[in-house]
1. In the Gaussian network model of the chain, springs joining C-alpha atoms below 10 Å, which of Ser207, Ser49, Ser237 carries the largest mean-square fluctuation?
2. Measure nothing fancy, just the Cα-based angle from helix 104-119's long axis to the longest principal axis of the chain, in degrees from 0 to 90, nearest 10.
3. So how tilted is helix 68-100 from the main axis of the chain? Cα-based, degrees 0 to 90, rounded to 10.
4. May I ask for the distance between the Cα centers of region 149-198 and region 65-133, given as a whole number of Å?
5. Compute the Rg/Rh shape ratio of region 97-211: radius of gyration over Kirkwood radius, all on alpha-carbon atoms.
6. Let me check I have the definition right: for region 113-164, take the eigenvalues of the Cα gyration tensor, multiply each by 5, take square roots. What are those semi-axes in whole Å, largest first?
7. If amide H atoms are built 1.01 Å from N in the plane of the peptide, which residues on other chains or at least 5 residues away come under 5 Å of the amide H of Val139?
8. Could you grab the Rg to Rh ratio for the chain? Cα atoms only, Kirkwood for Rh.
Amino acid sequence: MSSDTLAQAPTAPEIPGPPAVPRIVPQRRYGQWTAAVVVLVLLGLAITSVVRNRAFQWDVVAEYFTTGSVLRGLWLTLWLTAVVMTLGFALGTLLAAFRLSANPVLRAVGWGYVWLFRSIPILVQLLLWFNIGALYPTVLGVKTVDLLSPVAVAVVGLTLHEAAYAAEVVRGGILSVDRGQIEAAQALGLSRWRRWRRIVLPQAMRSIVPPAGNMLIGTLKGTSIVSVIAVNDLLFSAQLIYHRTYQVIPLLMVATLWYAVVTTVLGIGQAYVEKYYARGTGGTR
């Protein structure tokens, strides 16, 4: 076969290969890295300043951190927080039921309570209850000053204050439940109690737990205000010591560190509770 015949023979078509994969170049975020470095440097300087500043007297902080008087004050703070939150949410749940009631009188009472106790600062409320004997010297034949000790005044004042906020938290959680869920439970013939226990509350808790956890931490820190009426809580215990030793900053740091430790533990617990009630929602909050 001649070379001309070979030159004229048809050639096989070329099979195209896979398209070239474009190279992905990550975006360079110079601004974010610069800001991160600046923040870390400033944070390091702040920590170094606190640690090396002799005015904090960290040896004194370590000395008083676990003393008996401080631990007794811490115990009273924790006890007061638990009692106030329990009673506050019990009363708040009742007030939420009032506000959701079809009875206009109950709705008005619930709204009026929430409006009143959210309008008065907690310090003013405590001082009013502390001086209630000026308005009512005796109650059922008993002197008011003997009936209401400083701790009782703290429990009453903080509970009434927290109940106003707890009522709105519970009411918001109940209103977050789809009305169709309740109607479906009614169609199945479930009793009112079972509807609330099995349908409404488990779903409402998803909306109640986060603000309730924040209220718990806020109440823990807010109990420090009872020191103005001489309740021997954590802050007041620290104050009693530094009034005697004049070591103000170290004792304030003792109280600060204890508050930080307890709020951290409560925050971790809140995260687990939120995760528990967020089951079946496609993820955690």
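The values are calculated or read from the model by the stated rules, or taken from the named source; none is laboratory data. Here the structure is a predicted model, which is why all the values come from computation and not from measurement. Quick reminder, even Gly has a Cβ in these numbers, built from the backbone with ideal geometry, and neighbours come from all protein chains shown. What goes into the accessible areas is simple: the full protein's heavy atoms, side chains included, and nothing from ligands, DNA or RNA. Shrake-Rupley method; radii C 1.70, N 1.55, O 1.52, S 1.80 Å.
1. Ser49
2. That helix lies at roughly 90 degrees to the long axis.
3. Compared with the principal axis, the helix lies near 80 degrees.
4. 15
5. When Rh is taken as the Kirkwood radius, the ratio is 1.13.
6. 21, 11, 9
7. Thr144
8. Result: Rg/Rh = 1.30.
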